[in-house]
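Heads up, the thing below is written out as structure tokens.
The values are calculated or read from the model by the stated rules, or taken from the named source; none is laboratory data. Bear in mind that the values here come from a model prediction, so they are computed numbers and not experimental data. As a convention, Cβ positions derive from the backbone with ideal geometry for all residues, glycine included, and neighbour counts pool all protein chains shown. Only protein heavy atoms, including side chains, enter the accessible area calculation; ligands, DNA and RNA are left aside. Shrake-Rupley method; radii C 1.70, N 1.55, O 1.52, S 1.80 Å.
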Amino acid sequence: MSVTLTGQVERITYENEDTSFRVLRVGSLEGDGARRGSISVVGTLPAVGPGTRVRITGKFVVDPRHGEQFRADVLVPIEPTTLVGLERFLGSGTIHGVGPALAKRIVEKFQLDTLKILDDAPERLSEVPGLGPKRIQEIKESWAAQRALSSVLVLLQTHGASPGLAQRIVKHYGDRAASILQRSPYRMALDVRGVGFKTADRIAASLGIARDHPERCQAGILHVLGELSESGHVYAPKPDLFAAVAELLGVGVDHVEAGLDALRASERVVVTGEAVYLARLERAEAAVARGVRRLLEGRGRVVAGVDRILDAFETKRGIQLAPAQRLAVETAAREAFAIITGGPGVGKTTIVRAVLAVFESAGLLVRLAAPTGRAAKRLSESTGRDASTLHRLLEFDPRKGFQRNADHPLDADVVIVDEASMVDVELAEALFAALPARVKLLLVGDADQLPSVGPGAVLRDLVASGCVPTVRLTEVFRQAEESGIVRNAYRILRGEMPETAEPEDPRGDFFVVRRRTPEEAASTVREIVTVRIPRRFGLDPRRDVQVLTPMHRGPAGTQLLNELLQQTLNPLGPAIEVRGQKLRIGDKVMQTRNDYDRQVWNGDVGTIARLDPEKRALTVRFEQGDVDYDEGSLEALSLAYALSVHKSQGSEYPAVVIPLLTTHFVMLSRNLLYTAVTRARKLCVLVADPRAIWLALEETRREDRKTRLADRVRGL
């Protein structure tokens, strides 16, 4: 239960200016539930100095290491009413350019009217001895910013918005923030990164703003388009968009149409026929199409003597390339832009090695990349060459964007991108922009997998366009054909029921365990992960076994399965609670969004190596190294004993356990089941209701996305 207290800041124990996470010692407490003496106050809070009187709203918690604390959701400075309080308040460091000595001089001059003077007549600071125009202007600007921040905090505190969000609003609007927020809250959703439509809508409703306000319609349209982009769509058909926005807002379609016209005029959206795009996605899709056409019209580097080089490659490796593999290498050598696609066991890795041999023998500079760190590491291990993430290849800077671009192209003769099915339309835009003249581009991936987490289905669209030279590999080699995982992956692609190995088959690597209810399936998943697989196959349940499930919610979704597996595998020790999850040392966790500052990417999985509950800070050990997290960045972490199938793209695991039930029906598709199964390297176990498997096999359109890249490449 939340309580509100007032008190005085005694000292700053810890603060991080980047994230606004702070630990304060606050004393002289008053209010419901106030304790005697002082208490540690923790949270994402605005900057305050020692001596500042504050009002805090939150709840008392007991930390295992540090005892009782007050977890504050809101902290607002209170104006002092005494001369001593005024001196402490002004001299606390929150007003840039005012220290204790100057604060004393200001208060001596203006007495109890000090704050009124700062608000209404700051030019009178010239009456204070020793203050020149430059310093007065500095104080005036700092005071105005503090006032604006406090006003916005008061307005937002009942709506669950963080101090960090309030600071972004003030930074964007300056001292007009509070008045804009009160008069036109939907402008926040339109203008300020991180302000969602729902937050703006709650504030607007509390202020009595009309439901058909024009800016509400505009914000609603952007909200719906944003949600569709998060589901992978690049555009929305106009009738579908109008219906969705009208239902969301409870207004007529004519209001939505007027809102769309306004957004179009302000260039926030682009309308092409019946397709409505967020402007950034239309720009990206059009740029990718232009980049593809540019490559197709170019020649790339000429490579001679391919047959001779491949003969030497085969002799050195003691192998013989199949005709389709040889054709793939020859196509890559001949064309400026080519795609190699195929499922498991068709020898894509061998082809990449052969292509490298051809290009390096010709003296070409080859750059290898993949969309994720894990995929890049696998590419490097399989080729023996350096490989990087696409973001690193393109030298992404979080403040400046991609540093490799049309003005500063890549230093490369050939670029090879593995796991290309994971490349979304905006990353593809950055890649094509950075390609130099006469470069050769080779995309390698499985077009039958789920498309990228981000918007678009770039690899699938480029193959479907029929314009890009493509070699689709279908021959499964004998060693791979012996794998039940590979055989069943192709059965799934053909719409056939996968076959289970006999329980005691020593060579079995694919098993189907029948369960009907989500509760039975969850219990069985826990037993298989924590008992059966370690006992029979000697695999570590945390390091080697990954649960993949179609959904986040429900008894067999990621949330409850993570809780269930954590209770069994890592139940004890100090913890930090984040969004209802307890994170402990030893827990497997996943990064859920790209963090360009820390160089850790959406989908990266690591293990918590260190943890400080008082500072709400921890360190995660990823494959690429240790990454530190504090209060402001913890929201990006989630337990990863169980992941969604979408989040597993581009990764492989020694063992995969997949619950598949009829309660997952809204997510079931053939592509999803195929992607989940092909994540397994040594062992795959389906804990499934056979009816759910059939539902998945029969659904081939679930992963269709609204894109027009294929048509654009064709010139339609």
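So here's what we get for this one:
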{"quantity": "Shape of segment 85-137, Cα gyration tensor, a/c cut at 1.5", "calculated": "rounded"}
{"quantity": "Potential extension, Arg494-Arg105 segment - 0.36 nm per residue separation minus Cα distance", "calculated": "131.8 nm"}
{"quantity": "Between helix 484-493 and the chain: long-axis angle, C-alpha atoms, 0 to 90°, nearest 10", "calculated": "80"}
{"quantity": "In Å², nearest 10: area of Met551 left accessible to a 1.4 Å probe", "calculated": "50"}
{"quantity": "Segment 82-125 residues near the modelled Glu141 label - backbone nitrogen below 17 Å, point 7 Å along Cα→Cβ", "calculated": "94-98, 122-123"}
{"quantity": "Gain upon complete extension [Phe665, Lys116; 0.36 nm per residue less C-alpha separation]", "calculated": "191.4 nm"}
{"quantity": "The chain: angle of helix 163-173 to the longest principal axis, Cα-based, in degrees nearest 10", "calculated": "80"}
{"quantity": "FRET E, pair Arg535, Thr619, Förster distance 35 Å, beta-carbon r, rounded to 0.05", "calculated": "0.65"}
{"quantity": "Calculated FRET value between Glu267 and Lys400, using beta carbons and R₀ = 22 Å, to 0.05", "calculated": "0.45"}
{"quantity": "Label-point separation in nm, Glu519 to Glu230, each point 7 Å along Cα→Cβ", "calculated": "3.1"}
{"quantity": "Inverse mean reciprocal Cα-Cα distance (Kirkwood Rh) of segment 512-608, Å", "calculated": "14.7"}
{"quantity": "Accessible surface, 1.4 Å probe, highest first, among residues Cys684, Cys467", "calculated": "Cys467, Cys684"}
{"quantity": "Given charges at beta-carbon only (K, R positive; D, E negative), |dipole| of the chain in Debye", "calculated": "580"}
{"quantity": "Net charge contributed by nearby residues that have their C-beta within less than 14 Å of Ala412 (K/R +1, D/E -1)", "calculated": "+2"}
{"quantity": "Computed label-point distance, nm, for sites Glu527 and Thr81 using a 7 Å Cα→Cβ extension", "calculated": "6.7"}
{"quantity": "Inverse mean reciprocal Cα-Cα distance (Kirkwood Rh) of segment 437-493, Å", "calculated": "13.8"}
{"quantity": "Nearest 10 degrees, 0 to 90: helix 323-334 Cα axis against the chain principal axis", "calculated": "60"}
{"quantity": "Sites matching GluC sites (Glu not before Pro) across segment 608-716 that sit in DSSP coil, with at most 13 neighbouring C-beta atoms within 10 Å", "calculated": "Glu623"}
{"quantity": "Surface share of carbon and sulfur [accessible, 1.4 angstrom probe, percent] for the chain", "calculated": "47"}
{"quantity": "Surrounding net charge for Asp254, when Lys and Arg each add one and Asp and Glu each subtract one, Cβ distance under 15 Å", "calculated": "-1"}
{"quantity": "Solvent-accessible ranking of Glu335, Glu499, largest area first, probe 1.4 Å", "calculated": "Glu499, Glu335"}
{"quantity": "Summed residue charge, Cβ within 11 Å of Phe537's Cβ, Lys/Arg positive, Asp/Glu negative", "calculated": "+1"}
{"quantity": "Net lengthening on full extension, Arg11/Val61 (0.36 nm per residue, minus Cα-Cα)", "calculated": "16.0 nm"}
{"quantity": "Heavy-atom SASA rank of Lys104, Lys647 (probe 1.4 Å, accessible area, largest first)", "calculated": "Lys104, Lys647"}
{"quantity": "Computed [θ] at 222 nm, deg cm²/dmol, the chain (DSSP H ≥ 4; -39,500 (n - 2.57); rounded to nearest 500)", "calculated": "-11500 deg cm²/dmol"}
{"quantity": "Förster-model FRET efficiency, 41 Å R0, Glu314 and Asp411, C-beta, rounded to 0.05", "calculated": "0.85"}
{"quantity": "In nm, spacing of pseudo-spin labels at Arg610 and Val3 (7 Å Cα→C-beta vector)", "calculated": "3.5"}
{"quantity": "Of Ala696, Thr675, Leu709, farthest towards positive along the dipole that unit charges on Lys, Arg, Asp, Glu beta carbons give segment 669-716", "calculated": "Leu709"}
{"quantity": "Rounded, prolate or oblate (a/c below 1.5 giving rounded, otherwise prolate when a/b exceeds b/c) for segment 624-693 by Cα gyration tensor", "calculated": "prolate"}
{"quantity": "Dipole axis of the chain (+1 Lys, Arg; -1 Asp, Glu on Cβ), positive-most option in Gly318, Ile203, Leu639", "calculated": "Gly318"}
{"quantity": "Surface per residue (accessible, 1.4 Å probe) for the chain, Å²", "calculated": "44"}
{"quantity": "Total charge dipole magnitude, segment 468-627, about the Cα centre, Cβ charges on Lys, Arg, Asp, Glu only, Debye to nearest 20", "calculated": "300"}
{"quantity": "Equivalent-ellipsoid semi-axes of segment 248-362, from the Cα gyration tensor, Å, largest first", "calculated": "49, 17, 9"}
{"quantity": "Area of Tyr653 that stays accessible when all protein chains are in place (1.4 Å probe, Å², to 10)", "calculated": "20"}
{"quantity": "Paramagnetic reach from Asp307 in segment 319-347 [backbone N under 19 Å; point 7 Å along Cα→Cβ]", "calculated": "320-335"}
